[in-house]
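The values are calculated or read from the model by the stated rules, or taken from the named source; none is laboratory data. All values derive from a computational prediction rather than experimental measurement. So basically every Cβ, Gly included, is an ideal-geometry build from the backbone, and we count neighbours across all protein chains shown. Calculation scope for accessible area: heavy atoms of the full protein, side chains included, ligands and nucleic acids excluded. Shrake-Rupley method; radii C 1.70, N 1.55, O 1.52, S 1.80 Å.
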Amino acid sequence: MSKAPLICGTAAGPLFVLSLLIQGATRDGYDPLRHPVSSLALGHHGWVQTATFLVAGVLTAVLAVGLRRTLPRGPGRLWGPLFVGVWALGLVGAGLFTTDPVSGYPPGSPDRLPAYSSTHAALHDGVSLLAFIAIMGACIVFTRRFVAGNQWRWAFYSATTAAVVLVALGLSNAAFAQSQNLVAFGGLFQRIVIVAAWLWLTLLAWKTYRSDERSRPGARVASTAPAVVDGL
């Protein structure tokens, strides 16, 4: 039963990123370099992005359960899956609560509203921020776990992902607040956040799946095969 949740985890990220790439390239008036991913939930075809948030969130919640059941004892066995679960809940919340227009999308809307247009929009920003904090927390927790297991490449990769998400998130927030020097690249900065986070989580799910496969009783290991180094 532990295999299916981990497979769900490997599917969530590619599904989310593929959806936003296709939508961003085909939506009239939408500039992927400038506009946030959440703005894709606005307008006539907004239901596509809403569904993307919800489906990816559910798949990731299943992954969190799978990680909790599969990870061996050690640092982060509780908090790692918990942070992944909060990331999943944030995705679901972002789908349930629609954002406000920003940076001129949909066409004809102001660059930034003087105040939230609804409670839904305020909740969207709140759950989205919580989700980004959670994925950074997951990276940090797993960094500690990988250090304890002497998996230095994975520790470095996890720590680097947390740093990239933090910096790019700050830049995207400044851009969406209409910082003159950054506003034209807000969508790009946010996509760096999203791709970095999803890539890390997808690889983590796949790594855990492979490790679980190798640890199962009766797993076939060729005695003449070279040792497998657990890395990226």
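What does the helix-only formula give at 222 nm for the chain: each DSSP H stretch with n ≥ 4 adding -39500 (n - 2.57), the total divided by the residues, and the result rounded to the nearest 500 deg cm²/dmol? My calculation for the chain gives -23500 deg cm²/dmol from helical runs alone. For the Cα trace of the chain, dividing Rg by the Kirkwood Rh returns an Rg/Rh value of 1.03.
Rounded, prolate or oblate: which fits region 109-182 when a ≥ b ≥ c are the square roots of the eigenvalues of the alpha-carbon gyration tensor, with rounded for a/c under 1.5 and prolate only if a/b beats b/c? Verdict is oblate for region 109-182. Of the trypsin sites (Lys or Arg not before Pro) found in region 71-144, the ones in coil according to DSSP and having at most 15 other Cβ atoms within 10 Å of their Cβ are Arg73. Only protein heavy atoms count here; under a 1.4 Å probe, Leu129 has an accessible surface of about 90 Å². Under the simplified labelling scheme, the His120-Trp47 pair shows an inter-label distance of 1.4 nm, with each label point 7 Å from Cα along Cα→Cβ.
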